Structure formats: C-alpha cells, structure tokens
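Just below is one structure, and these are the notes that go with it.
The values are calculated or read from the model by the stated rules, or taken from the named source; none is laboratory data. Note that the structure is predicted; figures quoted are calculated from it, not measured. Positions of Cβ are backbone-derived with ideal geometry, glycine not excepted, and every protein chain shown enters the neighbour counts. Areas reflect the complete protein model, heavy atoms only, side chains present, ligands, DNA and RNA absent. Shrake-Rupley method; radii C 1.70, N 1.55, O 1.52, S 1.80 Å.
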Amino acid sequence: MRLIRVAAVLAVAAALSAGCGAAKKTDSAAGPGATPGSSVSGAAPGGSASPGSTEGGAGAPSDSTKAACAATKTAVQGAMSDMKTPLTQMIEASVKDDQAGVKAAGEKLRKLFHDTATKVDAQAKVATDAKLKTALTDMAGSYRAAGDAFATGKEDALSDPKFDAAADVYVGVCGA
C-alpha cells in the first residue's frame, strides 16, 4: 500500500510537469495513471497540432492564446513548487504509516490542485484557440480529480485518460 501511494505521488508530480508544457517528448513525461512507455507526443489524438497553431491553423497564435499559454505555465509551475512540501510530507507520513499525517498532507494537496484547476479554467476562458480551450478545461478537471484523490487516498482515481490528451494539445499549441 505504501509503495502504491508513493508511486501515485510521483505520477502526479510528473503529470504537473507534462501539464505545464515543461515535459520533454519522451517516456519520462507521465500523466496521472500513465505507465512507463507512454509519452507526450506533442500532437492531439486524431490530428496534428504544431507549435504556433491557431484555431484557423494559419500562423502564430493570437495574443490571447499566447497569454493563456504563459499564464497556465506559470500557474502550474508555481503549483509544482508549492506542492513539494505536502508531497514530501505525504511520502514521509506514508512510510511511517501515519494515517493522520497522510490525510493532512492530502488535504493540502487537494487545495493546491483545486487552486491550480481554478487558474487553468480561467485561462481556458481567455484562450481563443478552440483546441486549447478544451485542453485547458480537461486539464483543470484532471487537477481537481487528482486533488480529490489525494484527499481521499484513492490512488486509482488519479488515472484520467483526458489528461494525457490535454497535455499533448497544450504542448502542440503552446510549445514546450
């Protein structure tokens, strides 16, 4: 059980990297529920998204899309920094079999994930690129689900297939 919890924590930490566009297009870019060997390809499933694509597919992204990309990256990177302490606390509490500590850290993580989801949702409203709007909305939902999973200890709830596809679109539209 402890190893499963630690693995879940690490998977979500990796997912944050993928979600903010900092992921490299390799096997190390895992999303929630991703398995070794999965990757962020930079293209949306069923199509090809290239950096700088727009809703109409012609030229550079609009200023509002650029702003949404930058703000999303900043929000997620800030969350990653803020999550280091509660992630460490959760791992340490889990190793010690301190359920109260695990729960307290999980609640901190839930709040941080939900705050991040709110910021990402706000950027979905700003972006003019339709694919990016959908991707950001899906990413926000994945962050909420991950936060709820940490708060309730349901590691299996971290698996969200929409996250990987959303991260791919984000990277395709916004770049790495």
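Quick notes on this one:
- Selected residue [surrounded by fewer than 24 Cβ atoms within 10 Å (Cβ to Cβ) and not in a helix (DSSP H, G or I)] from T128, T134, T118: T128
- A70 vs. criteria open to solvent by 10 Å² or more (accessible area, probe 1.4 Å) and not polar (S, T, N, Q): yes
- Qualifying residue in segment 92-106 (condition: within 16 Å of K73 (Cα to Cα) and either modelled with pLDDT under 95 or open to solvent by 10 Å² or more (accessible area, probe 1.4 Å) (or both)): no
- Screening D97 with (1) farther than 30 Å from D63 by Cα; (2) in a helix (DSSP H, G or I) gives one miss only, at (2).
- Residue within segment 9-19 that is exposed (fewer than 15 other Cβ atoms within 10 Å of the Cβ) and modelled with pLDDT of 50 or more present: yes
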